[in-house]
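One structure below.
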Amino acid sequence: MLDSDNTQTWLLLAIFAFASLLHGISGLGVTLVTTSALASIYPLPQAIVLVIFPSLLLNAMTWLSGGGRSLWQNFSYYGRRYWLLALMSLLGSLLGAKLLLWVDSAYILLVLALVIGFYVITSLLGKQIRLPNTQPMLIIVGISAGIIGGATNAMSTILMMYLLSASDDKDTIAKVGNMCYFLGKIAQIIVLREPIMALSGSEWQLIVLLSLLSIAALLIGIRLRRYLPQARFRQLILLILSVLGIRVGWQALSALF
């Protein structure tokens, strides 16, 4: 399924290490950067499969660690309070991942490019769009974010608009977000189980290596955070996403027309 060429392997390692390091420093976009970069190298379902397991581990680490609580306390505390949002995200992700199998990937790439554009523009303008903190809005946002996340790995762009209205605590926003992202990855694994099971032993070794490298680079980035200007690295990520978004959008339009 995956290209075993050494050049491709080194490119994958570089992409995951660089994106995870920047995420550790700035707190932005490891999944979106890696997915966008890989979507210009591989078919989108293949790119999603590569990103699933490293992202799953990083999301679980962020959700379940720290915050002055044990792993179980984090699991039960955020699970009890935000179970409906998590459930809606999971259901939406199941449908979104199905779209990878049902819909021409060019249309999904176009959606990914539009979501990246929205993410970059709102970040540059410094605008934090907030949605009403109501149960109907929670259900709508959860399902919508899940569909977008399941198909493109860009759940955060929609989910954050609700979480910013639901809580002013950055730690809560990060942990609830990563809980939903984690469940989104579980949904992708369920739906994409056939291509995942078709992976060869060498491909699984590559995914394990990418996962370990991502965790190590993330931890290094977190350590560097106190010494380096986060704002500059956030700008760098937005620049990278802009280039990748334009490339993905051009790729989608070329395939459609």
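Between the alpha-carbon centers of region 64-84 and region 189-257, tell me the distance in whole angstrom.
Cα centres, region 64-84 to region 189-257: 26 Å.
Taking the simple approach of a point 7 Å from Cα along Cα-to-Cβ for both Ile139 and Glu194, what is their distance in nm?
Each label point is offset 7 Å from its Cα along the Cβ direction, giving 3.2 nm.
Name the shape class, rounded, prolate or oblate, that the alpha-carbon gyration tensor gives for the chain, where a ≥ b ≥ c are the square roots of its eigenvalues, rounded holds for a/c under 1.5, and otherwise prolate holds if a/b is larger than b/c and oblate otherwise. Could you put the intermediate results ahead of the total?
Working: a/c = 1.29, a/b = 1.20, b/c = 1.08.
Rounded, because the longest to shortest axis ratio a/c is under 1.5.
For Asn6 and Leu87, FRET efficiency with R0 = 41 Å and r from the beta-carbon atoms, rounded to 0.05?
Details: r = 43 Å, r/R0 = 1.05.
Working from the Cβ atoms, E equals 0.45.
Cut-off is 10 Å between beta-carbons; in what order do Glu194, Glu203 appear when sorted fewest neighbours first? Walk me through the numbers before you get to the answer.
On the way: Glu194 8, Glu203 17.
The fewest-first ordering by Cβ neighbours comes to Glu194, Glu203.
Just flag the trypsin sites (Lys or Arg not before Pro) in region 9-93 sitting in loop per DSSP whose Cβ has no more than 13 other Cβ atoms within 10 Å. All intermediate terms of the calculation are to be shown ahead of the outcome.
Numbers: sites: Arg69, Arg80, Arg81; in loops: Arg69.
When the trypsin sites (Lys or Arg not before Pro) of region 9-93 are filtered for loop state and at most 13 Cβ neighbours within 10 Å, nothing remains.
If packing is taken as the mean number of other Cβ atoms within 10 Å per residue, what is the order of 126-134, 6-14, 233-241, 20-28, highest first?
Descending packing order for the listed peptides: 20-28, 233-241, 6-14, 126-134.
How high is the relative contact order of the chain, in percent, with contacts defined as C-alpha pairs under 8 Å that are six or more residues apart? List each step's numbers first, then the result.
Values: 358 pairs, mean separation 97.0, N = 257.
38 percent.
Which shape class, rounded, prolate or oblate, goes with region 165-248 when its Cα gyration tensor gives a ≥ b ≥ c as root eigenvalues, a/c under 1.5 marks rounded, and past that a/b bigger than b/c marks prolate?
On the way: a/c = 1.73, a/b = 1.42, b/c = 1.21.
Prolate, because a/c is 1.5 or more and a/b exceeds b/c.
May I ask you to evaluate 6.51 cos²θ - 1.76 cosθ + 1.60, the Karplus curve with θ = phi - 60°, for each residue of region 220-225 and list the ³J(HN,Hα) values in order in whole Hz, giving x for glycine and proline?
Those phi angles translate into 5, x, 5, 5, 6, 4 Hz.
Can you sort Met160, Met155, Met179 from fewest to most other Cβ atoms within 10 Å of each residue's own Cβ? Walk me through the numbers before you get to the answer.
Details: Met160 20, Met155 30, Met179 24.
So the ranking, lowest neighbour count to highest, is Met160, Met179, Met155.
If you rank Thr122, Thr31 by fewest surrounding Cβ atoms within 10 Å, what's the result? Numbers along the way, then the final one.
Values: Thr122 15, Thr31 24.
Listing Thr122, Thr31 from fewest to most nearby Cβ atoms yields Thr122, Thr31.
Over region 44-143, what relative contact order in percent results from Cα pairs under 8 Å that are six or more residues apart?
Details: 36 pairs, mean separation 36.5, N = 100.
Computed value for region 44-143: 36 percent relative contact order.
Once you list every other residue whose beta carbon is under 11 Å from the beta carbon of Ala166, what net charge do they have if Lys and Arg are +1 and Asp and Glu are -1? Before the final figure, lay out the partial values.
Details: positive: Arg81, Arg130; negative: Asp168, Asp169.
Summing Lys/Arg as +1 and Asp/Glu as -1 gives 0.
Give me the one-decimal nm value for the distance between modelled label points at Val208 and Ser65, 7 Å along each residue's Cα-to-Cβ direction.
For the pair Val208/Ser65, the computed spacing is 2.0 nm.
Quick one: if you stick a label point 7 Å off each Cα along the C-beta vector at Gln235 and Ala216, how many nm between them?
So the two model labels end up 3.1 nm from each other.
Just want the answer: with Cβ charges of +1 for Lys and Arg and -1 for Asp and Glu, which residue in Ala154, Gly249, Ala166 is farthest toward the dipole's positive end in the chain?
Ala166
So if each residue of separation counts as 0.36 nm, and I subtract the Cα-Cα distance between Leu125 and Leu224, what length gain in nm does that give? Kindly include the intermediate steps, with their values, before the conclusion.
Values: separation 99, 0.36 × 99 = 35.64 nm, distance 2.62 nm.
Between Leu125 and Leu224, full extension yields 33.0 nm more.
Bear in mind these aren't lab numbers, they're just calculated from the coordinates by the rules spelled out. Computed from a predicted model, the values in this text were never measured in an experiment. Counting neighbours? That spans all protein chains shown, and the Cβs are built from the backbone with ideal geometry, glycine included.
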